[in-house]
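Notes to accompany the following structure.
The values are calculated or read from the model by the stated rules, or taken from the named source; none is laboratory data. As the structure is a prediction and not an experimental result, all values here were calculated from the model. Cβ sites come from the backbone with ideal geometry, for glycine too, and all protein chains shown count toward neighbours. Keep in mind that these areas ignore ligands, DNA and RNA; they rest on the heavy atoms of the full protein, side chains included. Shrake-Rupley method; radii C 1.70, N 1.55, O 1.52, S 1.80 Å.
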Amino acid sequence: MAEVLVYVDHVDGAVRKPTLELLTLARRIGEPVAVSLGSGAENTASVLAEHGAVRVLTADAPEFADYLVVPKVDAVQAAYEAVSPSAVLFPSSAEGKEVAARLAVRIGSGIITDAVDLEAGEEGPVATQSVFAAAFTTKSRVSRGTPVITVKPNSAAVEAAPAAGAVEALEVSFSERATGTKVVARTPRESTGRPELTEAAIVVSGGRGVGGAENFPVVEALADSLGAAVGASRAAVDAGWYPHTNQVGQTGKSVSPQLYIAAGISGAIQHRAGMQTSKTIVAVNKDAEAPIFDLVDYGVVGDLFEVVPQLTEEVKARKG
Amino acid sequence: MSLRIVVCVKYVPDATGDRHFAEDLTVDRDDVDGLLSELDEYAVEQALRIADEADDAEITVLTVGPEDAKDALRKALSMGADKAVHVEDDDLHGTDALGTSLVLAKAVEKTGYDLVVCGMASTDGTMGVLPAMLAERLGVPQVSLLSEVSVADGTVTGRRDGDTATEQLQARLPAVVSVTDQSGEARYPSFKGIMAAKKKPVTSWDLEDLEIESDEVGLEGAWTAVDGATERPARTAGTIVKDEGEGGKQLAEFLAGQKFI
Ligand SMILES: Cc1cc2nc3c(=O)[nH]c(=O)nc-3n(C[C@H](O)[C@H](O)[C@H](O)COP(=O)(O)OP(=O)(O)OC[C@H]3O[C@@H](n4cnc5c(N)ncnc54)[C@H](O)[C@@H]3O)c2cc1C
Ligand SMILES: Nc1ncnc2c1ncn2[C@@H]1O[C@H](COP(=O)(O)O)[C@@H](O)[C@H]1O
């Protein structure tokens, strides 16, 4: 069976969940060969093997951390040349998309971004995408070159599928351009202890209706009672009430959890673009005419400062 | 020497309109009003600020798109850009990201540049890959997804707020940058700006001017194929209750019924 390259997103050896989802999809179209780069790359191998990687190609060099994107493109290209895969899959993170984009230009291949599903087809892998703020679903494929496809988080289940996962050192010689963009400083984001927004099974988001940074703990308390991630609308972010990294929507994160709870959010098209594919949608808003109610499975017209704390108490009581 | 800035802007169907596909499964641009992609207004804004800081700078706005895409150029000119380039050719219909990056790269080279400024993503395609592709094709550094950007002494510096870290980036010019919607509110065109824009030069180029063969672009030359598009079924109407003091409990009941608690 043909091999499929899978780009591994990890932080110091800890593999992020979307990569494991990619392995599930990769196994539908071939045998996954993982490419794991940077510090801690070798430590990713056991988890990747448990989820179906037949081989794990690793490389580490200071360039990966010290310069933006291009060193990784050089490495993936080296892997591509060594493996001759039938497709190359990336997580749809900012970095994943950029590495994918440059690789596509280098190897002369078409690229599909933000797939939400992937199947084998007669003329190569068929990707499902959700477009125009999720108003349409399209099926597309790469018609020239080796398909390069980026996949959104939560597009497939993580499955155990033990495979050999043999670690192999990848030979990389960096191109002249690899050192073009220097990373002069890096400040890691502090962990909140809550699940990652794009990976969470439940997301609780607050909008302008929350009224101020000092009120966000109301949203956080509900999130914590459910083990959920916290999101925010752009209005709440622009007002400085919550960090931009938590923004849901077109210019923030796109989420697709099992359950999405919107509190004090009107449901503008740009917000919907980032959450419309959630399985179950719930909203609390005091305006019965708010467009978010067109999307909900269950909606409460009311003041979030009454409804949300009551819900939090009830969740805690039921969970005991 | 003058700092030559090229801003890539896209003309897109209005996101608040009823967007859909044409029969050949390309984006229908006839039935929905188009406009300058809002995310590219941030690119124009940052270009204007960089130009203000420079001793001498010239901003060219560049678009690849149909006849009406001139509207997007006019808007950028009325914000304060100096001149515009419109790449237009019937054979461009249906061009995908790879093809568009080729056309943009040729047009940027023909214009002459020290700095290319892009938006973070287009509001219709939302791919967010063009800036990286353009940098790859031009063979220059990419300094992308910046929430802060400045240029001094032939170096571009910026801040990139990533998922796991905030990074401070630096590259020598020439370079391609892209800016996010966190980079700073875009200005509204003034009346004076709108009047002045009418007199600013707009150059039109076709594929021949850029020495691009028609089979490298368009639907024919596309590297990807859309086999089908279906409208997402409307969500079935949900239950909506008015809070009479028990709203939180009712919601908990619903969530328990769905096995979330
Ligand atoms: C190019 C572009 C990109 C954008 N990207 C994004 C994006 O990524 N994400 C995003 O979210 N937006 C985005 N927007 C902005 C978007 O258009 C809306 O402005 C934004 O989503 C509104 O946020 P909101 O719903 O919190 O605020 P509002 O629209 O002001 O809604 C607040 C809601 O809270 C309700 N409310 C107030 N008080 C209470 C209370 N006590 N209890 C219950 N309900 C209450 C009100 O009834 C109202 O419905 C973008 C816009 C543009 C132009
Ligand atoms: N047709 C186009 N003409 C000019 N610039 C474009 C075009 N398409 C994309 N761009 C630029 O590339 C950025 C990212 O677009 P995309 O990769 O399509 O999401 C946009 O914000 C624009 O700056």
Legend entry - Amide H within-cut-off set for A:Val6, under 5 Å, with H built and near neighbours excluded: A:Val33, A:Ala34, A:Val35, A:Leu89
Inset, instruction - Evaluate peptide A:300-312: per residue, the Cβ atoms of other protein chains within 10 Å of its Cβ; return the mean as an integer. - result: 5
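Work out the mean other chain Cβ neighbour count within 10 Å for the residues of A:141-150 and drop it here as an integer. Before the final figure, lay out the partial values.
On the way: counts 4, 6, 7, 7, 3, 0, 2, 4, 1, 3.
So the per-residue partner count for this stretch is 4.
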Inset, instruction - Could you please state, rounded to a whole Å, how far the C-alpha centre of segment A:302-320 is from the C-alpha centre of segment A:183-255? - result: 19
Inset, instruction - Could you state the angle between the C-alpha long axis of helix B:70-79 and the longest principal axis of the C-alpha atoms of chain B, as a value from 0 to 90 degrees rounded to the nearest 10? - result: 80
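Counting only heavy atoms of the protein chains, get the accessible area per residue of chain A (1.4 Å probe) and round it to a whole Å² value.
On the way: 11770 Å² over 320 residues.
Normalised by residue count, the accessible surface of chain A is 37 Å².
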Inset, instruction - Please say if the protein assembly as shown is rounded, prolate or oblate, where rounded means a/c under 1.5 for a ≥ b ≥ c the square roots of the C-alpha gyration tensor eigenvalues, and otherwise the choice is prolate for a/b larger than b/c and oblate otherwise? - result: oblate
Legend entry - Choice from B:Gly238, B:Gly139, B:Gly65 with maximal GNM fluctuation in chain B (Cα, 10 Å cutoff): B:Gly238
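Nearest 5 is fine: what % of DSSP beta bridges in the protein assembly as shown come out antiparallel, could you say?
Numbers: 43 of 117 bridges.
Here the share of antiparallel DSSP bridges comes out near 35 percent.
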Legend entry - Mean projected area in nm² (Cα convex hull; one quarter of hull surface) for segment B:3-221: 12.0
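When a/c is below 1.5 the answer is rounded, else prolate if a/b is larger than b/c, else oblate, so apply that to segment B:206-261 with a ≥ b ≥ c taken from the square roots of the Cα gyration tensor eigenvalues.
It is prolate, given that a/c is not under 1.5 and a/b is the larger ratio.
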Legend entry - Candidates per trypsin sites (Lys or Arg not before Pro) in segment A:109-212, loop by DSSP, up to 15 other Cβ within 10 Å: A:Arg144, A:Arg189
Legend entry - Choice from A:Asp297, A:Asp60, A:Asp114 with maximal GNM fluctuation in chain A (Cα, 10 Å cutoff): A:Asp297
Inset, instruction - Please list the non-local residues whose amide H lies under 5 Å from the amide H of B:Gly65, H modeled 1.01 Å from N, same-chain partners needing a gap of 5 or more. - result: B:Val87
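At a 1.4 Å probe radius, carbon and sulfur cover how many percent of the accessible area of the protein assembly as shown? Could the numbers behind the result be given before it?
Numbers: 10930 of 23590 Å².
Reported share for carbon and sulfur atoms: 46 percent.
Can you give the net charge of the other residues whose Cβ lies under 10 Å from the Cβ of A:Val126, counting K and R as +1 and D and E as -1?
On the way: positive: A:Lys139, A:Arg141; negative: A:Asp117, A:Glu119, A:Glu122, A:Glu123, B:Asp227.
With Lys, Arg at +1 and Asp, Glu at -1, the neighbours total -3.
Over all directions, average the projected area of the Cα convex hull of segment B:143-261 and note it in nm².
Working: hull surface 71.3 nm².
With the hull built on Cα positions only, its mean projection is 17.8 nm².
Provide the net charge surrounding B:Gly247, with neighbours chosen by a C-beta distance below 11 Å and charges set as Lys +1, Arg +1, Asp -1, Glu -1.
Its environment carries a net charge of -4.
Need one number: % antiparallel among DSSP beta bridges in chain B, to the nearest 5. Before the final figure, lay out the partial values.
Values: 17 of 43 bridges.
Antiparallel bridges: around 40 percent, rounded to the nearest 5.
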Legend entry - Surface/4 estimate of mean projected area, convex hull on alpha-carbon atoms of segment B:91-155, nm²: 5.1
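Which of the GluC sites (Glu not before Pro) across segment A:214-320 are loop residues per DSSP, with 11 or fewer other Cβ within 10 Å?
On the way: sites: A:Glu214, A:Glu220, A:Glu289, A:Glu306, A:Glu313, A:Glu314; in loops: A:Glu289.
Taking segment A:214-320 and a limit of 11 other Cβ atoms within 10 Å, the loop GluC sites (Glu not before Pro) found are A:Glu289.
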Inset, instruction - In whole Hz, with x marking every Gly and Pro, tabulate ³J(HN,Hα) for segment B:236-244 from phi via Karplus 6.51 cos²θ - 1.76 cosθ + 1.60, θ = phi - 60°. - result: 5, 4, x, 8, 10, 10, 9, 6, 10
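Computed over the Cα atoms of chain A, what is the ratio Rg over Rh, Rh following Kirkwood? Could you put the intermediate results ahead of the total?
Details: Rg = 20.9 Å, Rh = 20.8 Å.
In chain A, Rg relative to Rh is 1.01.
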Inset, instruction - In Å and from the alpha-carbon atoms only, list the Rg and Dmax of segment B:1-101. - result: 14.8, 50
Inset, instruction - For segment A:268-301 and segment B:166-223, write down the distance between their C-alpha centroids in whole Å. - result: 35
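Rounded to the nearest 500 deg cm²/dmol, what is the calculated helix-only ellipticity per residue at 222 nm for chain B, with -39500 (n - 2.57) per DSSP H run of length n ≥ 4? Before the final figure, lay out each step's value.
Details: 7 runs with 72 residues, N = 261.
Using -39500 (n - 2.57) per qualifying helix, the result is -8000 deg cm²/dmol.
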Inset, instruction - Provide, in order from the shortest bin, the percent of all Cα-Cα pairs of segment A:142-200 in each 10 Å bin, continuing until the bin that contains the maximum pair distance. - result: 12, 17, 39, 30, 1
Inset, instruction - Give me the lysines in straight-line cross-link reach of B:Lys198: C-alpha distance below 27 Å, same-chain residues under 8 apart excluded. - result: B:Lys10, B:Lys70, B:Lys75, B:Lys83, B:Lys106, B:Lys110
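What Kirkwood hydrodynamic radius do you get for segment A:166-313 when you take the inverse of the mean 1/r over all pairs of distinct Cα atoms, in Å? Could you put the intermediate results ahead of the total?
On the way: mean 1/r = 0.0607 Å⁻¹.
For segment A:166-313, the Kirkwood estimate is 16.5 Å.
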Inset, instruction - Shielding by partners for B:91-97, please: the mean number of other protein chain Cβ atoms within 10 Å of each residue's Cβ. - result: 2
Inset, instruction - Over chain B, give the accessible area per residue in Å² for a 1.4 Å probe, as an integer. - result: 45
Legend entry - Degrees between helix A:70-83 axis and first principal axis of chain A (Cα, 0 to 90, nearest 10): 60
Inset, instruction - Between A:Lys316 and B:Thr230, take the C-beta separation as r, use R0 = 35 Å, and let me know the FRET efficiency to the nearest 0.05. - result: 0.25
Legend entry - Net dipole in debye of segment A:193-312 [+1 Lys, Arg Cβ; -1 Asp, Glu Cβ; about Cα centre; nearest 20]: 260
Inset, instruction - Can you give me the P(r) profile for segment B:142-190? Cα pairs, bins 5 angstrom wide beginning at 0, each as a whole percent. - result: 5, 21, 28, 21, 14, 8, 3, 1
Inset, instruction - Mind telling me which of A:Thr146, A:Thr187, A:Thr198 comes out most flexible in a GNM of chain A, alpha-carbon contacts under 10 Å? - result: A:Thr187
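Please compute how much accessible surface disappears when A pairs with B, both sides summed, using a 1.4 Å probe, and round it to the nearest 100 Å². Spell out each step's value before the answer.
Numbers: alone 15270 and 15440 Å², together 23590 Å².
It comes to approximately 7100 Å² buried between A and B.
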Legend entry - P(r) histogram, all alpha-carbon pairs of segment A:162-240 included - 10 Å bins from 0, percent: 14, 27, 20, 20, 16, 2
Inset, instruction - Report the relative contact order of chain A, percent, no decimals, based on alpha-carbon pairs under 8 angstrom and at least 6 residues apart. - result: 15
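Report the relative contact order of segment B:3-221, percent, no decimals, based on alpha-carbon pairs under 8 angstrom and at least 6 residues apart. Working shown, then result.
Details: 477 pairs, mean separation 57.4, N = 219.
Answer for segment B:3-221 is 26 percent.
For a test of the definition: using alpha carbon positions, the gyration tensor, and the 1.5 limit on a/c, classify segment A:220-276 as rounded, prolate or oblate.
Numbers: a/c = 1.70, a/b = 1.20, b/c = 1.41.
Here segment A:220-276 falls in the oblate category.
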